[in-house]
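A short write-up of the structure that comes next.
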Amino acid sequence: MSDVPEGPIDDVTALVDRNGLVKLFANRVRARVLVTLFYAEEPLTTADIAAHADIYQSAVIEALEAMEPFDIVESTGGEDPAYSIDRSDDLVADIRALAESATDRLYDEAS
């Protein structure tokens with residue numbers, strides 16, 4: 001990650017705006033979709049993802065579209081496609097490790 005510039009705050013804002021993590025996790029819906037796909041043992045339709053993630057199907061569709069540039073979600077295609085996470089992708093492995101670490105930290109400190 002780039003060092004924080006010593007210049008005006010606008011420089012920092014520009015770095016934040018361009019950061020991939022900010023784009024990937026722009027809202028809780030994207031995180032819920034990703035975590036749902038991590039737990040799924042088979043590809044899920046948008047309706048299935050919505051039901052498991054407890055969000056609207058339209059929000060799932062928007063989240064999947066927003067994640068397309070990261071190339072971490074695979075689709076079966078067709079009229080009612082099913083989606084899965086690309087478990088062979090390095091970014092997916094990193095996200096999964098982050099999710100597991102955050103979950104462990106949350107519940108270790110809560111007990």
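The values are calculated or read from the model by the stated rules, or taken from the named source; none is laboratory data. Values in this document were obtained by computation on a predicted structure and should not be read as measured data. Every residue, glycine among them, receives a Cβ derived from its backbone with ideal geometry; neighbour counts consider all protein chains shown.
Things to note:
- Test: residue in region 48-65 that is touching a His at 6+ places or on another chain (Cβ under 8 Å) and modelled with pLDDT of 90 or more: no
- Residue match in region 31-39 (condition: modelled with pLDDT of 95 or more, of a type in the set (D, E, K, R), under 12 Å from the mean Cα position of the chain (by Cα) and at negative phi): yes
- Residues being closer than 20 Å to residue 87 by Cα and either without any contact (Cβ under 8 Å) to a residue 12 or more places away in the chain or crowded, with 16+ Cβ neighbours inside 10 Å (or both) - total across region 16-28: 3
- Residues in region 8-27 that are in a helix (DSSP H, G or I) and at pLDDT 85 or above: 12 in all.
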